[in-house]
Amino acid sequence: MEIHIGNYLDSNNYTNWSTSGLLQYLVEKENYTTEDATNIHNAFRCHLEKKSADHNMFKYARNKAERLARTLDLAEVTQFFNLSPQVQEQDQRAQNQEYQWAQRQQDQRIQPQCQFIQTLIHDYSTLYEQKQRCDLKIRVSDTQVFEVHSTILYARSSFFQEVLSTNKVEYEISIPDVSPQCFKTLLK
C-alpha cells in the first residue's frame, strides 16, 4: 500500500492529486477492501505530510500536499470503498474466499465423521449378513424366520421397543401380517 501511494504521488502531476484519484489508483493496483480504509487514510496522510515538508519540491506542490493532508477525511475514504462497485466486487470475492475456506475447514472436520459413519454402517450390515450373535428370531407371515439382534431393533424402532420391553424373555416373535420381502427390506 505504501509503495502504491508513493507511486501515485510520484507519477502524477501534483495538480492532479486528489483523494478520489488516489483511491481509484489503489483499487486498480491491488484488491483493497473497506477493511483497508483506515490504513490507507493514515498512510496517505503521512505521505502528504512528508511531501509538504520536502523543500526539494515546488512550493505549489508542497501547498497542495499540505492542503490535501489537512482536509483528508477518513469518512470520505470509507465511503469510497462502500460505494465503489469495483471494491464491492472485491469485498464479495473476499467474502466468497472466506466462505470457501470455512467450507473446506468444515469438510475436513466432517470427512472423518462421515468415514466413521460409513464404517459403522458397513459393520452393522456385515453383522446382519453373517448372522453373528443373533439373539432373537422373528417369524414373518408364518413362513420365514429372520435371525436378528434385539438391541439394534430396540434402538431403531419404536414398535420393537414396545414389543421387547416386556418382562417376558422370548427368543422368537411372530409377526403374521408382514410379507417376508417387506421385512427383509426393513431389516436392511
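Okay, here's what the table says:
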read-out	value
³J(HN,Hα) computed for each position of region 2-7 - Karplus, 6.51 cos²θ - 1.76 cosθ + 1.60, integer Hz, glycine/proline x	4, 5, 4, 5, x, 4
Residue order for 188, 59 - accessible surface, 1.4 angstrom probe, largest first	188, 59
Whole-Å semi-axes of the ellipsoid equivalent to region 134-187 (Cα gyration tensor, √5λ, descending)	17, 12, 10
Selection from 20, 134, 115 lying farthest towards where the dipole of the chain points positive, charges on Cβ	20
Built amide H within the under 5 Å cut-off of residue 173, gap 5+	137, 138, 139
Among 55, 125, 79 the positive-end extreme of the charge dipole of the chain (Cβ point charges)	55
Isotropically averaged projected area of region 98-172, using the convex hull of Cα atoms (one quarter of hull area), nm²	7.5 nm²
Estimated [θ] at 222 nm from DSSP helical runs (n ≥ 4, -39500 (n - 2.57)) normalised by residues in the chain, nearest 500	-22000 deg cm²/dmol
Region 1-104, accessible surface, carbon-and-sulfur percent (1.4 angstrom probe)	47 percent
Mean accessible surface per residue for the chain, computed with a 1.4 Å probe while every protein chain stays in place, in Å²	70 Å²
Dipole magnitude of the chain about its Cα centre (Cβ charges: Lys, Arg +1; Asp, Glu -1), debye to nearest 20	300 debye
For the chain: lysine pairs under 21 Å (alpha-carbon distance), excluding those fewer than 8 apart on one chain	9
17 Å cut-off, amide nitrogen to a point 7 angstrom out along residue 181 Cα→Cβ, residues in region 119-158	140-145
Estimated vicinal HN-Hα couplings, Hz - region 62-68 in sequence order (Karplus 6.51, -1.76, 1.60; Gly, Pro = x)	4, 5, 5, 4, 5, 5, 5
Farthest toward positive dipole pole in the chain [+1 Lys/Arg, -1 Asp/Glu at C-beta], among 69, 161, 182	69
Whole-Hz ³J(HN,Hα) from phi, Karplus 6.51 cos²θ - 1.76 cosθ + 1.60, for region 112-128, glycine and proline x	x, 5, 5, 5, 4, 5, 4, 5, 4, 4, 4, 4, 5, 5, 4, 4, 5
Whole-percent pair-distance distribution, where bins are 10 Å wide, for the alpha carbons of the chain	8, 22, 14, 8, 7, 7, 10, 11, 9, 5, 1
Added length on full extension, which subtracts the Cα-Cα distance from 0.36 nm per residue, residue 133 to residue 73	13.8 nm
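The values are calculated or read from the model by the stated rules, or taken from the named source; none is laboratory data. Everything numeric in this text was worked out from a predicted model, so none of it was measured. Cβ coordinates were reconstructed from backbone atoms using ideal geometry, including for glycine residues, and neighbour counts include every protein chain displayed. Each accessible area value is taken on the protein alone, full model and side chains, heavy atoms only, with ligands, DNA and RNA left out. Shrake-Rupley method; radii C 1.70, N 1.55, O 1.52, S 1.80 Å.
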